[in-house]
Amino acid sequence: MTNKKLASLFSNIALYLEIDSVPFKPQAYVRAANAIESLSEGVEKIYEREGLRGLEQIPGVGKSIAEKTEEYIKTGEIQEHEKLRKKFPVDIQELTSIEGVGPKMVRDLYKHLKIKTLDDLEKAAKAGKVRKLPNFGEKTEQNILQGIDFVKRSKGRWLLGNIYPYQEDLVARLEDSPLITRAVAAGSIRRMKETIGDVDILITTSKPEKAVEYFLSLVSYEKIWGKGSTKVSLRTTEGFDIDMRVLRQEVFGAGLQYFTGSKEHNVRLRTRAANKGYKLSEYGLFRGEKRIACKTEQDVYKALGMEYIEPELREDQGEIDCALEGKLPSVIPYDSLKGDLQVQTNWTDGKDSIEAMAKEAKKQGLEYIAITDHTRDLAMTGGMDEKKLLAQMREIDKINSKSEFRNSKFKILKGAEVNIRKDGTLDITDEVLSRLDVVGIAVHSSFKMTKKDMTARIVKAMRNPNVDILFHPTGRLIHKREAYEVDMDEIIREVKKTGTILEINAFPDRLDLKDSNIKKAVEAGCKMTIDSDAHAQDHFGCLKYGIAQAKRGWAEKKDIINTLSAEKMLAMLP
DNA sequence: GCCGTTTTCGGCCCGACTGTTTTCAGTCG
């Protein structure tokens with residue numbers, strides 16, 4: 001995981017340089033950091049094979065950053081970074097993670113109050129010292145305290161999308177070993193919760209000690225919390241914990257059920273079992289001394305007289321009663337999407353071209369994507385005005401007519417992610433909107449309106465007859481920003497009137513709508529779409545997190561319009 | 001500091017919003 005650490009060093013350098021208002025260099029470091037973080041290969045490997053020259057091939061990495069990378073590979077640190085850190089001995093990553101706090105504020109806070117950490121800042125703000133600084137005031141102090149509260153609450157939890165690929169890789173490598181007959185992730189990862197506290201791995205093996213050693217050889221860890229013959233618990237160098245347990249083959253199902261949770265689900269399940277005269281534990285379902293089910297999870301649920309409950313539903317949200325009555329919804333399966341209705345390209349803030357995104361989507365088995373770049377008001381992304389949008393539409397026609405796409409089922413649809421202004425109007429004219437296949441709308445600014453005003457703003461935008469989809473309806477960014485205040489019931493009522501489609505945005509830090517809102521939408525009979533919000537080719541993989549979210553919201557295939565063919569999907573749009 | 005040529009230095013996404021000003025700096029997207 002050198003890439004990640006190195007990337008974080010470079011982003012730190014960028015922040016330190018911004019303190020000094022150094023022009024342009026910070027962006028260069030940020031670009032390099034992003035490029036390094038998204039590499040599929042370790043920088044050491046590249047360096048080993050191709051030396052400095054290989055490093056310079058990474059986009060955004062030139063001579064100087066390549067040399068710093070070399071220095072880091074050889075010595076584990078970068079002098080430039082040490083120098084800057086001595087000048088401003090502050091936890092700049094942590095402090096700037098507070099919404100509204102940037103490098104300049106960090107500078108002033110350190111200069112006047114010697115604030116170095118989140119805790120320092122919290123104390124100072126609570127003591128009313130922050131408001132007295134030049135250019136700070138009471139409101140800023142309040143915002144800082146709120147921001148700290150938010151950061152603190154999300155500490156120690158990780159985004160599903162950041163951990164899932166790690167877990168997938170680890171499980172695959174465990175299963176590759178002849179020592180191990182079965183390996184599977186349990187816990188909140190298996191339930192696909194939007195954030196994960198730690199990773200639970202279950203294995204079966206005939207040689208527990210050897211398997212534990214093998215597991216330790218695969219994982220790079222900072223600390224072992226505990227180690228026995230059937231369990232090991234550690235902190236990875238990435239900073240999260242893994243619990244690995246060896247289960248006995250014959251009780252694997254019961255163990256998997258137990259360690260998948262959730263705790264609340266299990267408590268209720270055990271109560272049901274007890275009422276029927278059974279006892280349920282991680283070692284099986286018992287009647288008296290007799291073990292009656294334990295091999296598979298299916299056995300356990302069946303023996304309790306209920307339908308099998310998928311892991312994503314096990315949150316004690318009424319799933320057990322439904323399962324007993326045989327009334328569980330058949331939630332949407334993982335392979336059921338035919339299209340993706342939110343895709344950004346290098347026409348705005350995406351990384352790849354329209355054609356590259358289309359090719360990748362096709363490769364992933366999709367039948368269509370809608371290109372939905374940002375519009376005018378999002379100047380920072382190169383947001384498109386009417387003229388640029390029309391040019392892009394012509395470009396899409398051109399690509400669609402290329403033989404590769406023309407002769408296949410695949411189609412690129414024309415769309416946009418249109419900005420909803422503060423007053424509920426849109427930043428593209430109706431005339432141009434009416435020519436698009438898919439019009440998505442979204443809020444990107446003025447997040448701190450009252451609930452009433454924000455709801456009215458969105459409702460007004462949805463009433464535009466050209467509008468098809470409300471993108472990331474609540475605007476939250478997990479661990480970064482709270483959802484804005486909005487009356488979801490009112491939005492749903494309006495959706496029923498206008499036929500607007502609600503989005504389940506699958507990007508790991510959005511997952512917006514969240515599960516409880518999806519459930520509301522399903523109950524009201526709203527239609528939804530699951531979109532990746534891809535900004536690069538490898539982001540299509542995020543769709544599975546959106547599907548997981550839909551499952552957690554009890555959505556069925558029929559509730560999700562992009563399970564349909566392009567033609568049928570388009571017919572569903574208002 | 002990187003990039004891309006105009007081959008060796010100039011350009012680098014920029015507008016809205018906020019809270020603090022009293023004309024703007026900082027932050028965000």
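Where a number appears in this text, it was derived from the coordinates with a stated rule and is not lab data. Because the structure is a prediction, the values reported are computed rather than measured. Note: ideal-geometry Cβ built from the backbone for every residue, glycine included; neighbour counts use all protein chains shown.
Brief remarks follow.
- Listed peptides A:531-541, A:335-345 by packing density, highest first (mean Cβ within 10 Å): A:335-345, A:531-541
- Going from the fewest other Cβ atoms within 10 Å to the most, the residues A:LYS63, A:LYS514 appear in the order A:LYS63, A:LYS514.
- Counting only DSSP H runs of at least 4 residues, each contributing -39500 (n - 2.57), and dividing by the residue count of chain A, the helix-based mean residue ellipticity at 222 nm comes to -13500 deg cm²/dmol.
- Across the options A:SER188, A:GLN537, A:GLY284, the greatest Cα extent toward the positive end of the charge dipole of chain A (unit charges at beta carbon of Lys, Arg, Asp, Glu) belongs to A:GLY284.
- From the C-alpha gyration tensor of the stretch A:45-199, square roots of 5λ in Å: 38, 28, 12
- Proxy reagent accessibility, fewest Cβ within 10 Å first, across A:ARG272, A:ARG406: A:ARG406, A:ARG272
- For the stretch A:324-345 and the stretch A:532-574, distance of Cα centres in Å: 6
- Extent along the principal axes, Cα only, for the stretch A:375-443: 44, 19, 18 Å, with the longest axis given first.
- Ratio of Rg to Rh over the stretch A:264-347 (Cα coordinates, Kirkwood Rh, two decimals): 1.20
- Within-13-Å neighbourhood charge of A:GLU567 [Cβ basis; K, R +1; D, E -1]: +2
- Dipole magnitude (debye, nearest 20) for the stretch A:138-238, charges at Cβ of Lys, Arg, Asp, Glu: 300
- With 5 Å bins from 0: P(r) over the stretch A:195-263, alpha-carbon pairs, percent: 4, 17, 27, 23, 18, 10, 1
- The shape of the stretch A:14-54 comes out prolate: with a ≥ b ≥ c from the C-alpha gyration tensor, a/c is at least 1.5 and a/b beats b/c.
- Anisotropy class of the stretch A:104-143 from Cα gyration tensor, a/c 1.5 cut: oblate
- Packing-based ranking, highest mean first, of A:301-313, A:391-403 given that Cβ atoms within 10 Å are counted: A:301-313, A:391-403
- For the residue pairs A:LYS74/A:LYS363; A:LYS402/A:LYS497; A:LYS111/A:LYS152; A:LYS25/A:LYS45; A:LYS45/A:LYS87, alpha carbon separations beyond 31 Å are given by A:LYS74/A:LYS363; A:LYS402/A:LYS497; A:LYS45/A:LYS87.
- Applying a threshold of 30 Å to the alpha-carbon distances of A:LYS207/A:LYS544; A:LYS4/A:LYS387; A:LYS409/A:LYS551 flags A:LYS207/A:LYS544; A:LYS4/A:LYS387 as lying beyond it.
- Highest to lowest packing among A:52-62, A:161-171, scored as the average C-beta count within 10 Å: A:161-171, A:52-62
- Taking N as its residue count, the alpha carbon Rg of the stretch A:169-308 over 2.2 N^0.38 Å: 1.10
- Counting DSSP beta bridges with both ends in chain A, the antiparallel % (nearest 5): 45
- When the alpha carbon gyration tensor of the stretch A:423-574 is reduced to an equivalent ellipsoid, its three semi-axes come out at 21, 19, 16 angstrom, largest first.
- Tail fraction, Cα-Cα pairs, chain A, threshold 36 Å, whole percent: 45
- Full extension of the chain between A:LYS295 and A:ARG463 gives 55.1 nm of extra length, using 0.36 nm per residue less the Cα-Cα distance.
- Globularity index of the stretch A:11-95 is 1.10 (Cα radius of gyration / 2.2 N^0.38 Å, N = number of residues).
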